[in-house]
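Participant: Have a look at the structure that comes next, please.
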Amino acid sequence: MLVENGALSPAQLEEAQLALAQKEGSLVDWLVSSKKIEIKKLWSTVAEEMDLEFLEAIKGDDVETHLIADLPIVFAKSNNVLPISETGRGVRVACGNPFDLGALDAVQAILGRPVVPVVVPEEAILEAINTVYERSDASLDESAVKEEEELTDLIDAQDEAPIIRWVNQLFFEAVKRRASDIHVEPLERDVGVRYRVDGVLHDAKSVKKAFLPSIISRVKILAKLNIAEKRLPQDGRIGLKIAGKSIDVRVSTIPTSQGERVVMRLLDKEAVLHDVSDLGFWADHYHLFHGLIRRPHGIILVTGPTGSGKTTTLYAGLSQINTPDKNILTVEDPVEYDIEGIGQVHVNPKIDLTFSSGLRAFLRQDPDVILVGEIRDRETSEIAIQSSLTGHLVLSTIHTNDAAGALTRLVEMDIEPFLVASSLIGIQAQRLVRVLCPTCRELYEPSREQLEELGVDPDNPYAMRSEPKSPIYQAAATKLQPITPLASGRTMIYRAIGCDECLETGYIGRTGLYEIIMITDEIRANVLKNADSNTIKRLAKSEGMVNLREDGARKVLAGDTTIEEVMRVTHEDVK
């Protein structure tokens, strides 16, 4: 073909054939390496003869980046192929060698569409691959992911590129899916990845188990952990920039029987702090919480399991009362978000900076409001109580299943009941439920059994609760508005369906369910008698407390969430 077109003389062809008879190799490679023909001339001639399109170079902007999403950069470079754009006949694919049908067939299989070869010199393809993959990897919307302290050219890395790209892809996908956690879990034959989105884990991808050590090592290097230590748990942090946002990644590794397991929690350091009005409080609960955080002194406790939004609630409360006339100090593990105008301390047990030692030091800083990340032991709780009794407002969290359990938990820490009764002013329990996607949610009529399980009267589901006995709950109840039925004449609620907007989950975002126990004289008297949590809860209910499931029921009837979500995070209360 080359001889017929005058690109190669018969003598040159004969020389090439004699040389290749002595050693292995292809004619094309020998011609190029011996400089018997220009690469551009070679492939333009071939393209013309084969009636194929020929390009001297590829502009990065001409490449449709969605086409390379499933094509690894290692494959693209080693086979000199790059999808360019879609046409009516298929996908235009730049190739350095149009005779390499195996590579073109592989691209066709990966893309799931016919390919139309476009002949491009190898150097031009390599340059385009570097440009396009760098731009695509940059972010969810083509902006770079870089470590804050060390900027690495991921494209130029050779041996480590596949692992680096794979680990970075975990972060890309996690942010795309709005995930709060990434779980990398070794299984019997492979490594599974799950993302926690809106509080629920979803399977994401898997990779051969042979890659596990490299993946773990890459994460440990990013988190500045000891890559040689594989027998003990380790904790670290990674600072990344994704799409211009600073992301703080908390890393935890543990050894398991199948290999090391990694969980990474993602925190958007630039996320806008929620206002109290954005947390999903119903009108009565908003009134109660709003009143609590404006008290001059006392202890406010927020309870709930890990990931139930306790810290978010406390931050929102602090932001609302953060005024120049107040000195607000916090001691946390870790400091999740920076709040301007507030002194925040990160605990460090290695240097004996604990919740209790930090809290003790705060009392010499003339504070008005103190936030303690968590009450874990007797010493911390005693100092918190003493702080509240000496004129400070103290906010903290404690791990119990409901609000009433916090009272008995403090007594179990050997705190005298009279101190608990005199210092506590309110306890809030909370859970997070997923919010229905407004695009795909669907109205339906629930069965009587479903409504009864939710704690709703099937014959009168929108009825207001009975009048509270306690004046403080009565004042909160005056803020309530009747729930407007979603459809006239029948009890209709929404269910989750799933669409592209919500990534087929049926939900976007989360909202809170709450129960708030106000420490009234009746409850204070029962705490002094060492009453158990069930007794306290029954008393709070009789006074007017709305519990978690009841709060969930009204949000189901209002169309915010589903029965399944409320059942998932709440349990039936004692009668």
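Values in this text are rule-based calculations from the coordinates and carry no lab data. Because the structure is a prediction, the values reported are computed rather than measured. Neighbour counts run over all protein chains shown; Cβ positions are idealised from the backbone, glycine included.
Participant: Could you state the angle between the C-alpha long axis of helix 378-389 and the longest principal axis of the C-alpha atoms of the chain, as a value from 0 to 90 degrees rounded to the nearest 10?
Facilitator: Orientation of helix 378-389: about 60 degrees from the principal axis.
Participant: In addition: Could you tell me how many degrees, from 0 to 90 and to the nearest 10, lie between the Cα long axis of helix 283-292 and the main elongation axis, the longest principal axis, of the Cα atoms of the chain?
Facilitator: 70
Participant: For region 204-267, compute Rg over Rh where Rg is the Cα radius of gyration and Rh is the Kirkwood radius from the inverse mean 1/r over Cα pairs.
Facilitator: Numbers: Rg = 12.3 Å, Rh = 12.5 Å.
Value, to two decimals: 0.99.
Participant: How high is the relative contact order of the chain? Use alpha-carbon pairs under 8 Å, at least six apart in sequence, and give a whole percent.
Facilitator: That works out to 9 percent.
Participant: Between Thr306 and Asp61, what's the calculated FRET efficiency when r is the beta-carbon distance and R0 is 56 Å? Round to 0.05.
Facilitator: Once the sixth-power term is evaluated, E becomes 0.75.
Participant: Also: For every other residue with a beta carbon closer than 15 angstrom to the beta carbon of Thr253, add +1 if it is Lys or Arg and -1 if Asp or Glu, then tell me the sum.
Facilitator: Taking every other residue near Thr253 into account, the sum is +4.
Participant: Along the Cα→Cβ direction, 7 angstrom out, place labels at Ala283 and Ile351. What is the inter-label distance in nm?
Facilitator: 5.1
Participant: Could you list the GluC sites (Glu not before Pro) in region 413-462 that lie in coil according to DSSP, counting only those with at most 14 other Cβ atoms within 10 Å of their Cβ?
Facilitator: none
Participant: Are there trypsin sites (Lys or Arg not before Pro) in region 190-285 that DSSP puts in a loop and that have at most 16 other Cβ atoms within 10 Å, and which ones?
Facilitator: Loop-located and lightly packed - Lys224, Lys230, Arg231, Lys269.
Participant: Okay, next question. Go through the chain and flag any cysteine with no other cysteine's C-beta closer than 4.7 Å, please.
Facilitator: So far as the 4.7 Å Cβ criterion goes, Cys95 stand without a partner in the chain.
Participant: Okay, moving on. Note the full-extension length gain between Thr390 and Ala210 as 0.36 nm times their separation in residues minus their Cα-Cα distance, in nm to one decimal.
Facilitator: Fully extending the segment from Thr390 to Ala210 adds 58.8 nm.
Participant: Could I ask something else about it? How high is the relative contact order of region 170-237, given as a whole-number percent (alpha carbon pairs under 8 Å, six or more residues apart)?
Facilitator: 19
Participant: With a Förster radius of 35 Å, plug the Cβ-Cβ distance of Gln365 and Leu201 into 1/(1 + (r/R0)^6) and report the FRET value to the nearest 0.05.
Facilitator: Approximately 0.25, to the nearest 0.05.
Participant: Got a sec? Charge dipole of the chain, +1 on Cβ for Lys and Arg, -1 for Asp and Glu; which of Ala476, Ser488, Val219 is way out at the positive end?
Facilitator: Sorting the options by dipole projection puts first Ala476.
Participant: Which value, in debye to the nearest 20, gives the size of the charge dipole of region 33-109 about its Cα centre, when Lys and Arg are +1 and Asp and Glu are -1 at the Cβ?
Facilitator: Around 360 debye, computed over region 33-109.
Participant: For semi-axes √(5λ) of the Cα gyration tensor in Å, the choices are [x] 41, 32, 21; [y] 62, 35, 25; [z] 62, 29, 19; which was calculated from the structure?
Facilitator: [z]
Participant: Another question about this same structure. Where in region 155-229 are there GluC sites (Glu not before Pro) that are in a DSSP coil and have at most 12 other Cβ atoms within 10 angstrom of their Cβ?
Facilitator: For GluC sites (Glu not before Pro) across region 155-229 that sit outside H, G, I, E and B with at most 12 neighbouring Cβ atoms in 10 Å, the list reads Glu188.
Participant: Compute the angle between helix 310-321 and the longest alpha-carbon principal axis of the chain, please, reported from 0 to 90 degrees and rounded to the nearest 10.
Facilitator: The answer is roughly 70 degrees.
Participant: Something else: So which of Lys205/Lys555; Lys224/Lys245; Lys59/Lys245 end up more than 30 Å apart, counting from Cα to Cα? List each step's numbers first, then the result.
Facilitator: Working: Lys205/Lys555 34 Å; Lys224/Lys245 21 Å; Lys59/Lys245 28 Å.
Violating the 30 Å Cα-Cα cut-off are Lys205/Lys555.
Participant: Still on this structure: If each DSSP helix of 4+ residues adds -39,500 (n - 2.57) and the sum is divided by the residues in the chain, what number results at 222 nm, nearest 500 deg cm²/dmol?
Facilitator: Dividing the helical sum by the residues of the chain leaves -10000 deg cm²/dmol.
Participant: In debye, nearest 20: dipole of the chain around its Cα centre with unit charges on the Cβ of K, R (+) and D, E (-)?
Facilitator: 1800
Participant: If you take every DSSP beta bridge fully contained in the chain, what fraction is antiparallel? Give it as a percent rounded to 5.
Facilitator: Beta bridges within the chain, antiparallel portion: roughly 65 percent.
Participant: Further question: Say R0 is 22 Å: what FRET efficiency, to the nearest 0.05, do Lys469 and Arg294 get from their beta-carbon distance?
Facilitator: Efficiency, from the Cβ-Cβ distance: 0.40.
Participant: Then there's this: For Ser542 and Asp377, compute 0.36 nm times the residue count separating them, minus their Cα-Cα distance, and round to one decimal in nm.
Facilitator: So the extension gain works out to 56.3 nm.
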